[in-house]
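Visitor: Below is a structure I'd like to ask you about.
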Amino acid sequence: MSEQPTTIAYPVDATNQLKRRHDRGFYDHATIHALLDAAMLCHVSYVVDSQPFCTPTFFWREGTTLFWHGSAASRMLRNLAEGEPACLTVTHLDSLVLARSGFNHSADYRSVMAFGKARLVIDQDEKERALVMMVDRLFPGRTASLRKSSRQEIKGTSVIAMDIERASAKIRARGVVDEDEDYALPIYAERLPVKMVIGEPQQCPRLVAGVVRPQALEGYRPGRLLEEALAEAQALAYPEEASLPKSRAPGSAS
């Protein structure tokens, strides 16, 4: 097991412990939460009648609880509504690695697997607050400027919550790594950095005259890394967590 940046960590057992390359494993809250907060798209895995499914969806974090949403008619949400086991995963791809052998071709990445029992949010106040944070977690304070959701819209949307019981992060940030004897071979090798960057905003062509882009969206400026904008939005939406210890895991600035 790798050395942890902080003593606050998720329990480790056969479910979340890395089976190989333990040096790439992290179980502390700071590393795992930072990787979750720098993403908005996850994949949720679950089983329905012995058939595995994996569904991509948007998510957000409050403390050690993860939330995601979907249509009330969703098969995933219907199945997870009763406290079923689920696994939520997030991956950041940082580079493609071309080595001197096929065996050593790889990628630099940061990933998280979070395990828990998913539950349907049925308390109306909790659900309405969650639907606010579904937007405000990405764009802090934006809901206050929007048309209020109708009862039918709220009814047609379901929210799932999952307390993280176990979690692990796996990080590779090594670039090209070959066998010692292979470095002398006349074979080209390189690391190709991969970044998700925000592009130029494309305004809705039906904007009412005089409506301008809010200053609050400055965090999503062209050329900025998406993960930086998402992490900043998380800190603004949940300022009570902003002072907690930050991850010192390798690769966070890749």
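The values are calculated or read from the model by the stated rules, or taken from the named source; none is laboratory data. Predicted model only: the values in this text are computed from it and were never measured. When we count neighbours, we look across all protein chains shown, and the Cβ atoms used for this are built from the backbone with ideal geometry, even at glycine.
Visitor: Look at residue 207 and say whether it is more than 27 Å from the chain's Cα centre (by Cα) and over 27 Å from residue 89 (Cα atoms).
Guide: Judged against the criteria, residue 207 is a match.
Results for (1) part of a loop (DSSP other than H, G, I, E, B); (2) surrounded by 17 or more Cβ atoms within 10 Å (Cβ to Cβ), shown as yes or no for each residue.
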site	(1), (2)
17	yes, no
20	yes, no
23	no, no
32	no, yes
42	no, yes
52	no, no
56	no, no
59	no, yes
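Visitor: For the range 91-116, enumerate the residues that are more than 18 Å from residue 41 (Cα to Cα) and among the aromatic types (Phe, Trp, Tyr).
Guide: Across the range 91-116, the qualifying residue is only 103.
Visitor: Moving on to the next point. Among all residue pairs at least 6 apart or on different chains, which show Cβ distances below 8 Å where the first residue, located in the range 62-73, is outside any loop (DSSP other than H, G, I, E, B) and at pLDDT 95 or above and the second is surrounded by 14 or more Cβ atoms within 10 Å (Cβ to Cβ) and of a type in the set (Ser, Thr, Tyr)?
Guide: 62/238
Visitor: Yes or no: the range 101-112 includes at least one residue that is of a type in the set (Ser, Thr, Tyr) and either on the phi > 0 side of the Ramachandran plot or exposed (fewer than 14 other Cβ atoms within 10 Å of the Cβ) (or both). Full working, then the answer.
Guide: If we filter the range 101-112 for residues that are of a type in the set (Ser, Thr, Tyr), which is where we start, we get 101, 106, 109, 111.
Adding the requirement that they be either on the phi > 0 side of the Ramachandran plot or exposed (fewer than 14 other Cβ atoms within 10 Å of the Cβ) (or both) leaves 101.
Looking for residues that are of a type in the set (Ser, Thr, Tyr) and either on the phi > 0 side of the Ramachandran plot or exposed (fewer than 14 other Cβ atoms within 10 Å of the Cβ) (or both), one finds at least one in the range 101-112, hence yes.
Visitor: Right, something else. Hand me the list of strands (runs of 3 or more DSSP E) wholly inside the range 95-199 holding 3 or more residues that are at pLDDT 95 or above. Talk me through it step by step, then tell me what you get.
Guide: Working: elements: 106-120, 157-163, 166-172, 190-193.
Counting at least 3 such residues, we get 106-120, 166-172, 190-193.
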